[in-house]
Every structure is written in structure tokens, then in C-alpha cells.
1. Here are A:35, A:11: which of them is over 30 Å from residue A:182 (Cα atoms) and in contact with a Phe, Trp or Tyr (Cβ under 6 Å, 6 or more places away or on another chain)?
2. Counting only residues that are surrounded by fewer than 18 Cβ atoms within 10 Å (Cβ to Cβ) and not hydrophobic (A, V, I, L, M, F, W, C), which one in segment A:162-181 is nearest to the chain's Cα centre (by Cα)?
3. Looking at segment A:31-59, which of the residues that are more than 7 Å from chain B (Cβ to nearest Cβ) and not hydroxyl-bearing (Ser, Thr, Tyr) is surrounded by the fewest Cβ atoms within 10 Å (Cβ to Cβ)?
4. What tally of residues in segment A:11-34 results from selecting those that are modelled with pLDDT of 90 or more, assigned to a helix (DSSP H, G or I) and of a type in the set (A, V, I, L, M)?
5. Confirm whether residue B:161 is at pLDDT below 95 and either closer than 18 Å to residue B:110 by Cβ or not basic (Lys, Arg) (or both).
6. It is to be established whether one or more residues within segment A:84-91 are crowded, with 24+ Cβ neighbours inside 10 Å, assigned to a loop (DSSP other than H, G, I, E, B), among the charged types (D, E, K, R) and at the interface with another protein chain (Cβ under 9 Å from one of its Cβ atoms).
7. Any idea which of B:127, B:149 is under 25 Å from residue A:88 (Cα atoms), facing chain A (nearest Cβ under 8 Å) and not in a helix (DSSP H, G or I)?
8. Which of the residues spanning segment B:194-235 are touching a Gly at 6+ places or on another chain (Cβ under 9 Å), over 17 Å from residue A:39 (Cα atoms) and not in a helix (DSSP H, G or I)?
There are 2 protein chains.
Amino acid sequence: MSERPADATLGATSERATLAQIFPRLPQSSATIVGPGDDAAVLAAPDARYVVTTDMMVHGPDFRWAWSSPYDLGWKAAATNLSDVAAMGAVPTALVVAIAAPSSTPVGHLLALADGLRDACSRLAPGCGVVGGDLSVSDTFTIAVTAFGDLQGRDPVLRSGARVGDIVAVSGPLGLAATGLRQLFESAVDAEGEPDASLFAGVLGAHPHTVTAQLRPHPPIADGPLAAQAGATAMLDLSDGLALDARRVAEASGVAIDLDASRLGASGLGVDTRTALTGGEDHSLFATFGAQASLPGGFRAIGRVVDGAGLLVDGRPFDERGGWDPYLEWNGQAG
Amino acid sequence: MSERPADATLGATSERATLAQIFPRLPQSSATIVGPGDDAAVLAAPDARYVVTTDMMVHGPDFRWAWSSPYDLGWKAAATNLSDVAAMGAVPTALVVAIAAPSSTPVGHLLALADGLRDACSRLAPGCGVVGGDLSVSDTFTIAVTAFGDLQGRDPVLRSGARVGDIVAVSGPLGLAATGLRQLFESAVDAEGEPDASLFAGVLGAHPHTVTAQLRPHPPIADGPLAAQAGATAMLDLSDGLALDARRVAEASGVAIDLDASRLGASGLGVDTRTALTGGEDHSLFATFGAQASLPGGFRAIGRVVDGAGLLVDGRPFDERGGWDPYLEWNGQAG
């Protein structure tokens, strides 16, 4: 099969020819027994268990080409799924990736997306690779990633294990990704509020940390297994915002969580305390540890587990919903 | 969280409320260690390996609401993935399902889709269940299923193991699904060639076997592990048509495959030999067995593995491409 130029479109290239160009760019998984090319892959599960999570990103509600490059999308699709694996205390081992793209999509976009998948794996979770995929045509660009992990003989760290007296800790930023998204919607949109690629570079230049946190997040994947080794009693990936996700841990564990407002926010980066509490998509790791634990990796204490129910901030109930629900909050016109 | 009526739309219902209605309808997996509700699921891999495959179905190229009910879509999305697992010789254990749907979609459609997933698992692969999912909003209805399987200590059956002298066999229909699709495009479309729901019932009534094979296939899942136990040397899920898929086995194995035309086709069901060779989406199992093997389950002999390369029919090269490539063949106007 001859290689097509990267500016050929998917519509002018067979699925097989496109996949033949993509697969060599993808990282190998160290867990591979049978790799891509058969009906299915076969992966190793050394302790006879495996961790599985899936997440789909859709053009419009989840990303916009005016702001995300294909490389960014590949990176983020990998990173967010790796984070869910890490939040169980597992080491990510492999991904499968299904993509549906308009037939007008240049093959080069898929190659750049593959490079983003590759670099996210090699930077965030070395040894994790892509073991299978599927390519379809759709009017709406869509990527679905399923990620796998190895618990290395440890128990999974669930949401339900927080105990009164535990330290509440987080590894990674709070509110950074939401601040970046707010800045994009404030300054990288046209007069109708539509994302505008020509205004993007200026916003990225003015706010590199926050905009990068939104478009190309660096979740602390290695801290997931480290937390499990250190005896974390509960753990969660912060995808929907600290307030909403902390409440989930509190509810699942039958406790209350009291956060220290002075330890939230990052005024130097323009993140206020409220955004640190309610902003989604950080993909930081939230965990609870026994009162005597020394916090591993990048974890820092932000509160305590206390008697009661729900979320407190400085001892007072915090009832703002926070977080992100694509159905209730997405404005299709702004996509 | 209060239950919403099934005729409420996704746009009027939170993702969490929708998932809370869907998950109780889904089948449990007997491999579940940690089920839905945490960052990720944890599954058992008793022989320290697991089989993984993923496939995405997109409204337009892969299904049309004028012809497929939500139940049919759930059934087919499960069945086609179960078939890829079975084609490795594995027993399907679990699925994860990511869905992106327009916000105008009635919640009841997702509940019916869940019922289709459930019934396909319980009928085709008892013990297989849904262990995780994701729900997004999209202008284009899209479902991505990732399926898992257990090899039960056996070697996986690859495409590459066919040997000269082997029997070529198939379990399941040939060309039935493609015949059904042709009948739908002939008689269940309006004057502009668009799929027409009002004409569908008549076509289903006239051609129940072929139309059902297209919309709600019953791949012989149990025959995958049976073939592996019987010593199948190569195996493949027939998704792209017998000719194309047989050529893949021949190429991967370094042999030629010679099919007996008299054993193809099913004139009673309106399937001619050419359609049996080139029609896609049957999801029957194609396998090769040693010359002395007694064929297991529903397998029947359709040819021999011979010296050479490529595909022969009655000893003569068969070079028609056959099969289905969504990029090259999809006519968006007919979706």
C-alpha cells in the first residue's frame, strides 16, 4: 500500500492506508502480548486484574479546533484517561482509540493527533502505548479513548475509603484549566462569541500556564500509584471541579470534608479561591491519607476529613454546585 | 436524584441523572471486581491476560434511525464487538460504552439502547456485562464500545496461523447482512434515495432474515472459544466481507485460500454467490482447522488452504475487492 501525502483527506484515502500511516507513530505498550492488526489485542495482567476507563471527546462541547490543535487533542484525550487510571492507584499500561472524523479531515491532522497521544503517554506514563483503534467517518469529530492499568498487586483506591481524621490532599493544580477556559472565552472569541483562531495566540501568550492547563493538561499520573503505596484511603481524578468531586468522596465515604480556603487558589496565576473550588478539567489527583501519613510525590494538604456530611470550607457548608455538566451547561452556539 | 420521565430529553436531564437511570438496566459482568461509579472499573483476568477490541458506530455511515431502533443499535454495537473478542478464541467478559448524543435525544432512547446492549450480552455471551461508560453531547449520534475477553488459558487464535492443507470453515451466514442492506436501499428509501422509516416495516416483513441480519446480527459468539478448543489454526470475524477477510488471513499466513463456490450463497434467502463473497457485516466467524479436525459448533467447510498467495474460488484467482470501506464508499447524501 503506497503512502499518501499528509495533506490528502480521509475521504481520498482508505481506512487501511490511513491506519498504516498512523500506527507506526503510536507508542508501544509494554503490556502487549498481541498488538494491533488482528481482531483484538491481547494484554498482560500480571496480578490477574486490570483497570478500565473510557471517555469520549466531541468537537463543540469538549474541544474547538479554533483553540486546540490536533496534537493538543491527542495529548488531552490520552492525559484525561491516564488520570482516571492513576486515580485508582494503578499504573497506566495501554490505550485503545476510536476516532470518527469528517471525510474532509487531512490525514496530517490524524498523524499530529497520534503524535499527541504518543507524547502524552511517553511523558506522563512511560510504558503505556496504543494497542488498538478504529477509524470512522462522521460530520462531528469525535475521539473515544479507553485506558487500562495495572494495580501491581495493590488494592484499588476507591472513593469510599475516607475516614474521619484523614488528611485531605491534592496533587496538581486547582482551577487552572477553568481559568484558562474563561480567558479563552473572554479574549479569543469573535464579536458573536465564537472561538476565533486568529485571537488565540495572543491569549496563549498572555496566559501560558492557564491556557496550556486547559488545552494540554499534565496530570500527575505517577502520583496515583505513589499515593496507593503510601496508603491513600480514597482517591479521585478532579475532572468536574474540587467542590463537586470532594462531595462525591464525602458521600461515598459517609463523612464530611472540610477544606482550608487559604490553601486553595493561586493568585499569581489569576486563580481565585472560588474557581479553585468549582473549576473543572484540572485532572489533578484528590486523595485522603491517614493523619500520620507523610504525603507522597506532589501531594499537599488542603483540608481534613471530619464527622458529618457534604463539603465544608473553613468549617462552613459550601453548597455551590460547581463543576461541569455537558448537557446542562453546553451552549451549542458557542461551540 | 429524582428519576426523570423517559420522554425527557438529554438536554433537560443531567448526565448523572441519565446514567442513574441507565446503569440499573445494564447487565452485570461476572468478571467485575469494582463496577461502575468510580474513576475506573477493575476486572478479573484469571489467566493474567485479557483481550481488548474497540469499535465505533456513527449515525449516517454505520446506522440510520429510519431503519434501526435504539434497541437495534445497542444490540448491534454489542454484537459486533463481542464477535471480535470471540474471533480471538476468547469468552467475552465485559464492555465499556461511550455514547455521544444530540441534546434533543429522548432519555427513553438511551434506555432502549441499554436494553439492546443487555439482551445482546445475555443472548450471545452470558456473563458479559457493562462495567463503565461515558455520556457526551454531539450533533451526531455516536457509540463507541470497547469489549474484553478471557482466553481461559488458551493461546489466542490469530490471522497468521493457517497452514497448507487446512480446512477453511465458517460459522454463521455469508452475505445475509449485505443482502438486507441492499433490500433496504432498494425498497425503504424515498424518491431522493433517503432512508424512509414509513417504508421500513414492509421491507422487514418481506425479507425478515436478511434485514434482521443487517440490523440485529446474531454472530456465533460461543463458536469462537469452541474453535480455539478444537485447535483452529487461524480465525477472523467476517466484518468486511468473506473475500477481503479471507485474503487477510491468506496474506498474514503466507498461503492461498481456495473457496468452493458451491458452498457459498443461500439462494433460498436471496443471497447470490457474489454477495456471499463480497458482502460485509455478517460478523460470522471464519476459521481454518487441521485437515483431520472435526469441525466444532456451527462451523461448515467452505474451502481449503493451498500453496500460493491470495484468494481463489474453485481454483481460479478471485480479485474483486469486495468489502466495505467507510471513507471510500460512504455516500453522505444517502445517510
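The values are calculated or read from the model by the stated rules, or taken from the named source; none is laboratory data. The structure presented is a predicted model; accordingly, all values stated were derived computationally and were not measured. Every residue, glycine among them, receives a Cβ derived from its backbone with ideal geometry; neighbour counts consider all protein chains shown.
1. One residue alone meets the criteria, A:11.
2. Step one: of segment A:162-181, the residues surrounded by fewer than 18 Cβ atoms within 10 Å (Cβ to Cβ) are A:163-165.
Those left that are additionally not hydrophobic (A, V, I, L, M, F, W, C): A:163, A:165.
Details: A:163: 27, A:165: 29 Å.
If we take residues in segment A:162-181 being surrounded by fewer than 18 Cβ atoms within 10 Å (Cβ to Cβ) and not hydrophobic (A, V, I, L, M, F, W, C), then A:163 is nearest to the chain's Cα centre (by Cα).
3. Going through the qualifying residues, I end up with A:47.
4. 1
5. no
6. Checked segment A:84-91: no residue is crowded, with 24+ Cβ neighbours inside 10 Å, assigned to a loop (DSSP other than H, G, I, E, B), among the charged types (D, E, K, R) and at the interface with another protein chain (Cβ under 9 Å from one of its Cβ atoms).
7. Only one candidate qualifies: B:149.
8. Once the filter is applied, which keeps residues that are touching a Gly at 6+ places or on another chain (Cβ under 9 Å), over 17 Å from residue A:39 (Cα atoms) and not in a helix (DSSP H, G or I), segment B:194-235 yields B:194, B:195, B:207, B:216, B:217, B:218, B:230, B:231.
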